[in-house]
Structures are given as structure tokens and as C-alpha cells.
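The values are calculated or read from the model by the stated rules, or taken from the named source; none is laboratory data. No experiment lies behind these values; they were computed from the predicted model shown. So basically every Cβ, Gly included, is an ideal-geometry build from the backbone, and we count neighbours across all protein chains shown. Just the protein is used for accessible areas: all its heavy atoms, side chains included, with ligands, DNA and RNA removed. Shrake-Rupley method; radii C 1.70, N 1.55, O 1.52, S 1.80 Å.
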There are 2 protein chains.
Amino acid sequence: MVQTNQEIKLTSMKKEHAEQIDNALNAIAKKDVQSIFFVACGGSMASLSSGDYFVSREVAVPSATYTSNEFIHRSPKTLGENSIVILRSHSGTTPETVEAVKFAKEKGALTVAISMDEESPLCAAADYVIHYNYKDGSDAIDGEAGMYYTFIFKLLNQLEPNEKYERFVNQLQGLQSLIDINVNEYTAKGDAFGKKYKREKLIYTMASGPYYAHAYSFTSCLLMEMLWIHSNAIHSGEYFHGPFEVTDYDVPFLMVMGEGASRPLDQRALDFVAKFSDKVEVVDVAEFNYGQTDEDLREYFGSILASPVLRVYADGLAEHTGHPLSVRRYMWKMEY
Amino acid sequence: MVQTNQEIKLTSMKKEHAEQIDNALNAIAKKDVQSIFFVACGGSMASLSSGDYFVSREVAVPSATYTSNEFIHRSPKTLGENSIVILRSHSGTTPETVEAVKFAKEKGALTVAISMDEESPLCAAADYVIHYNYKDGSDAIDGEAGMYYTFIFKLLNQLEPNEKYERFVNQLQGLQSLIDINVNEYTAKGDAFGKKYKREKLIYTMASGPYYAHAYSFTSCLLMEMLWIHSNAIHSGEYFHGPFEVTDYDVPFLMVMGEGASRPLDQRALDFVAKFSDKVEVVDVAEFNYGQTDEDLREYFGSILASPVLRVYADGLAEHTGHPLSVRRYMWKMEY
């Protein structure tokens with residue numbers, strides 16, 4: 001594991017942001033919470049589901065992640081007055097998610113909307129709002145990961161208090177430094193990845209545990225949406241039960257090796273895939289630079305840092321394919 | 001919707017099979033059930049998850065589906081003495097699932113194993129066993145779908161009684177006739193599909209609701225495992241949040257249009273994909289032949305019948321690619 005001498009700067013969350021989180025938590029504290037639902041679409045759903053992973057592992061409250069329209073049409077029977085529904089949409093305008101918050105409220109659930117736009121329809125409809133800054137030059141603690149993980153770990157601490165969660169929330173104030181250090185360290189690797197794989201029409205991703213969300217995002221939003229490269233996010237545990245039969249010397253895999261409880265699943269998949277494919281790229285989360293982060297908190301940071309690091313790999317592909325990540329052929333261009 | 005004059009023959013489940021289901025249900029009746037876990041790998045996991053769909057929709061008991069190794073390594077905090085863990089493995093030898101049943105028992109959960117082999121390690125380790133017949137010429141009511149759906153709907157009826165579930169269990173005795181009629185009606189379509197798509201190196205699948213499990217199975221087990229064709233099972237609701245950008249005139253999609261609550265999601269995805277791809281094949285579950293099945297029970301039967309009908313499409317690909325579904329390069333041939 002790489003160690004750093006670089007300074008980790010701790011930044012406090014903006015007061016109005018901290019208050020939003022506290023307001024939501026105070027309301028949740030008054031409920032007899034029987035279920036927690038994470039509801040969003042695409043990359044926002046994937047981001048929420050990494051929080052769901054830690055909820056499911058650490059507290060004895062049933063939780064589930066749904067894509068917004070499935071949530072509405074399935075209408076889970078456990079949804080009701082004792083439910084918390086956490087929704088997320090970057091713009092706050094995703095129609096299915098706006099519908100979902102209304103649906104959840106009709107069922108009596110307490111709703112918390114997470115978005116970069118407090119004036120959006122999603123936020124207007126929700127009981128509580130958690131805003132995050134986006135590309136405005138402010139510190140990561142006020143950005144999407146800082147706000148979401150602070151909220152989730154304060155929620156965990158409220159549901160089943162543990163000093164570990166408090167340490168995590170404190171150390172999360174160094175997130176911006178950790179992102180900067182890791183993005184810097186991975187930029188050359190991301191570029192080399194783009195150079196090597198620029199001719200590929202299909203790249204599989206693979207991960208497990210909270211990192212499956214990152215594989216899913218990379219597949220759906222970066223490869224398929226932004227780069228028009230075919231893909232499938234394979235769960236490392238499921239790889240051996242079907243998907244591994246497509247493995248061959250010329251089939252590319254981007255493997256996210258997790259840090260934490262799920263790592264043995266990834267190791268087993270990597271041992272196999274590396275034997276039969278000549279095109280395996282590994283992003284090893286255990287090798288990220290965690291600065292002075294406590295050893296037992298690394299798995300939480302790993303799941304956050306995987307996102308900006310993987311973005312660098314997409315940037316590498318964009319650079320060498322000449323296909324900017326901002327190009328779309330359908331999204332934002334027509335009704336659907 | 002096609003109507004039939006063909007006779008639906010009702011067959012009673014074998015006495016020893018009915019007793020196995022009753023034994024499991026009697027034990028569950030003595031528990032204060034707080035959570036239900038469905039745990040298996042690959043196609044078995046997908047089959048279980050269609051049951052999970054109906055549990056989540058119809059009764060107020062939290063449920064979740066896990067691939068076996070993720071279940072063990074994540075170790076969900078809600079797993080305990082008030083949990084029911086339903087596991088499935090065709091051979092009953094899947095190592096991760098055998099580990100999972102032991103893990104669940106250590107946590108105090110009541111375990112039910114579903115397998116074609118009662119003497120298998122999975123069944124030996126579980127508290128209760130539900131055996132199904134496989135390719136022995138016996139009626140479908142004693143096969144995997146007949147046994148599993150009888151168990152699930154009797155479980156639903158025990159948790160929250162509803163005469164609908166009783167009607168379903170009774171009409172399920174006509175399953176073999178319905179399978180035969182539908183497989184017969186779809187054989188020519190499956191063959192035409194194989195002929196048309198035999199040159200494709202990649203075929204996406206798409207579905208939602210309980211049918212997502214079928215898309216997942218078709219992608220992982222039939223296309224990737226058995227036919228070595230690249231694929232990804234896209235959720236119809238998620239299609240618009242990333243994956244749809246890979247759509248083009250020459251990108252093939254196999255769309256499973258569901259019967260039931262999730263159909264509007266599929267319709268929206270179909271309306272879009274059919275506009276931009278010239279290679280869209282639709283398997284419309286609403287057009288299956290349901291014989292004299294009650295209208296309100298069709299969505300349950302649809303999810304069962306989708307499996308043998310989709311198999312016919314894989315048979316078509318196998319026939320025209322000259323790649324038998326039984327061929328493997330890794331599975332059963334080496335340690336992994």
C-alpha cells in the first residue's frame with residue numbers, strides 16, 4: 001500500500017449543508033424506522049447503492065435499492081409510514097425520481113432528496129433536502145460524496161451508535177486531499193489504459209461488494225452512455241456461474257479489486273480471468289493512497305475514491321478514441 | 001391474446017413432494033418471520049429472484065436476493081433467528097451455496113434448500129429440503145417451476161392469506177399443458193430468431209419486474225455461458241439512464257415484454273429501441289397462451305412460462321450457429 005507524506009487538509013462542511021443533514025437526521029430520529037429505500041436512476045442509483053451496502057452490513061434495518069420506475073410499479077409492500085426513502089438526482093429533474101418521491105410520500109414515508117439543485121422539482125417535492133455543490137471549485141466535503149457519506153454515516157451512528165462512524169465523519173473532512181492525491185497518481189495509468197484499449201468495441205467490468213456499484217456506473221454511464229462502448233458489469237461472484245465462458249485471450253475486462261469484506265470474491269475472479277484473457281486491467285482499491293486514514297476506515301474511503309479514480313480511466317479512453325465524454329446522440333436531444 | 005381450445009390437464013403434485021413443502025411451511029409458521037433471503041448463484045439465483053419479486057410486492061416482510069458469496073462476505077445485519085433463507089442449486093453441489101446454507105444456520109436462520117438432488121451437500125446441510133424432478137419425464141408440477149412456485153405461493157398465503165394464492169396453486173396443476181402449448185407455439189419463432197441472429201457476436205436483453213430475472217438468466221447462462229455471445233441484461237427502467245446510448249441500427253436487443261405491473265417500463269423501452277435499432281426481437285409475455293387461467297393470475301404464470309419460451313430462442317441460436325448449448329470451455333473442466 002502506498003503511503004504519502006503529502007498533507008491532508010481537513011475542511012469543515014459549510015454550515016448550511018451540515019444543517020440540512022442534521023434536519024433530516026432529527027426527523028428520522030422521531031420515526032420508528034422499519035425500512036430504508038434508496039431510489040434513483042442510473043449513476044445516481046449506483047451511488048446510493050454503495051450507501052445501501054454499508055447500511056445492510058452495519059445496522060439491523062432492512063434496506064433496498066430500486067431504480068425509480070421499478071420502485072413505483074412494483075410498489076414494495078414494506079413501504080409505508082415507518083420507511084425512510086432516500087432519493088437522488090443530479091439535476092433534480094429526473095422524471096421517474098420526481099414521481100417516486102411523490103409516490104413515497106403518498107405511502108406515508110419520510111423522504112430525503114439529494115441533488116445539486118435545491119430548487120429542482122425533486123427537492124421541492126421531498127420532506128428534506130440534502131444539497132451538494134458541483135464543479136463550483138468548493139471542497140469535496142460539500143460535494144456529492146462528502147455530503148452523501150456524511151449523511152449515511154451519521155445515520156448509521158444514529159441507528160446503532162459506534163465511535164467508528166464518528167471517526168469516519170471526522171476523517172472525511174480530508175476527502176478533497178485524498179481525491180487530489182489519487183487522481184494525480186492514477187492519471188498516467190488512466191491514459192495508458194485509454195491508449196491500449198482505444199480500439200475495443202466491448203469492455204467488461206467486474207467487481208463485488210460496494211464496488212459493484214462502481215462497475216455498474218462505469219459500464220452504464222461511462223462506457224455505454226459516454227463512450228458508446230459495449231459492456232456489462234459482472235458481479236465477481238456471478239462470473240463463475242455463466243459469464244466466465246465468454247472469457248478469451250482478446251476479451252477485455254476492467255477489474256475493480258475491492259478493499260474490505262468482498263475482496264476475496266474479486267481475487268478469485270481475477271485469478272481466473274487473468275489466466276485466460278490477455279486484456280485484464282486491474283484497479284486495485286487496496287493500493288489507493290489513504291494518507292493518514294485509520295486502517296479500519298479504509299473500506300469506506302475506498303468506495304468513495306474508486307469513483308474519481310475510475311473517471312480517470314474513462315478520460316483516458318475519451319482522449320485516445322477522440323470521443324469526448326460529453327457527446328450524446330439521444331440523451332437531452334429528444335423526448336423519451 | 002391467443003386463446004386455446006387445447007385441453008389443460010391438471011396433475012396433482014406427488015405426495016412426497018407436497019409433504020416436503022408442507023414440512024417447510026409448518027416450520028416457518030412457528031417463526032416470527034422478520035426477513036426472507038433468497039440465496040443462490042447464476043441461473044438458480046435468477047429463478048429465486050422471480051419469487052422474491054412477488055414476495056416484495058405482496059407481503060410486508062422484507063426480502064432480498066443475494067448471490068451466495070456476496071451473502072456470506074457481506075453478512076447482512078438483518079440475518080438472524082427470525083430469518084428464512086431459501087437457497088437453490090440444481091445439482092446441490094455449488095460450493096458457495098453449500099457454504100451459504102451453513103453460514104445462515106450459524107446465524108440462527110431457518111434454511112430451505114431447493115435442488116434436484118436430495119442427497120446433495122446443500123440438502124444435507126439445510127433444515128428443510130424441497131426436491132424437484134428434472135428431465136425424468138414426470139409432470140411439470142413436480143419440476144423446478146411447479147415445486148418452487150407452489151412453495152412460494154403457499155408461503156405468501158401463510159404470511160398474508162388471500163384466496164388468489166389458493167386459486168393460483170390449484171391452476172398451477174395445469175402447468176405442463178401450458179408449457180407444452182407455448183413451447184409448441186414458439187418453436188418456429190425461436191428457429192427464425194436463430195436464423196436471423198446467428199452471425200451476431202453481441203445481443204442485449206431487456207426486461208423489468210419479475211422478468212428481469214429471465215433477461216439476466218438468458219444473458220448469463222444462455223448467451224454468455226452456453227453460446228459464447230456477449231451480452232448484458234439491461235433493466236428497462238435503467239435503459240434510459242446510460243445504456244440506451246449504445247443503441248444503433250445494427251445493435252440487437254431481445255426484449256421481454258412483461259405481463260403485469262412492470263409492463264409500462266418495457267413498453268417505453270420498446271418504443272425507443274424499436275425506433276433506432278433494426279434488430280429488435282420481442283418476446284411478449286402478454287401474448288402467451290394462458291389457456292383457462294384466471295385473468296388476475298396471468299402475471300404469475302407469465303413469469304413461469306417465460307423460461308421455457310426463452311429457451312426455445314436459445315435453441316434456435318444453437319441450431320443455426322452449430323454451437324450446442326451443452327458445450328463449455330471452462331465449466332466442469334477445471335478447478336476455479
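General remarks:
- Residues (of a type in the set (S, T, Y) and closer than 18 Å to B:R57 by Cβ) located in the range A:72-104: A:S75, A:T78, A:S83
- Of the helices (runs of 4 or more DSSP H) that lie entirely inside the range B:106-224, those containing 2 or more residues that are at negative phi and within 14 Å of chain A (Cβ to nearest Cβ) span B:144-159, B:212-217.
- Those residues of the range A:261-275 which are surrounded by fewer than 23 Cβ atoms within 10 Å (Cβ to Cβ) and not in a helix (DSSP H, G or I), in sequence order: A:A261
- Enumeration of residues in the range A:228-260 that are more than 8 Å from chain B (Cβ to nearest Cβ), among the acidic types (D, E) and buried (at least 21 other Cβ atoms within 10 Å of the Cβ): A:E259
- The set of residues in the range B:97-127 being in contact (Cβ under 8 Å) with a residue 40 or more places away in the chain, crowded, with 22+ Cβ neighbours inside 10 Å and not hydrophobic (A, V, I, L, M, F, W, C) consists of B:T97 alone.
- B:M334 meets each of the listed conditions (1) of a type in the set (A, V, I, L, M, F, W, C); (2) open to solvent by 50 Å² or more (accessible area, probe 1.4 Å); (3) within 30 Å of B:H241 (Cα to Cα); (4) within 14 Å of chain A (Cβ to nearest Cβ) apart from (3).
- Meets criteria (in the same structural domain as A:T205 (by TED's automatic domain parsing) and either out of contact with any strand residue (DSSP E or B) (no Cβ under 7 Å at 6 or more places or on another chain) or at pLDDT below 95 (or both)) for A:E238: no
- Those residues of the range A:128-139 which are touching a Gly at 6+ places or on another chain (Cβ under 6 Å) and open to solvent by 20 Å² or more (accessible area, probe 1.4 Å), in sequence order: A:N133
- Residue within the range A:277-295 that is β-branched (V, I, T), more than 19 Å from A:E200 (Cα to Cα) and assigned to a helix (DSSP H, G or I) present: yes
- Look at (1) within 14 Å of another protein chain (Cβ to nearest Cβ); (2) crowded, with 23+ Cβ neighbours inside 10 Å; (3) in contact with a Gly (Cβ under 9 Å, 6 or more places away or on another chain) and you find that A:V285 fails only one, number (1).
- Residue list for the range B:76-96, filter: facing chain A (nearest Cβ under 9 Å), among the polar types (S, T, N, Q) and under 24 Å from the mean Cα position of the chain (by Cα): B:T94
- Residues that are surrounded by 24 or more Cβ atoms within 10 Å (Cβ to Cβ) and touching a Phe, Trp or Tyr at 6+ places or on another chain (Cβ under 9 Å) were ranked within the range A:80-95; the one that is farthest from B:S236 (Cα to Cα) is A:I84.
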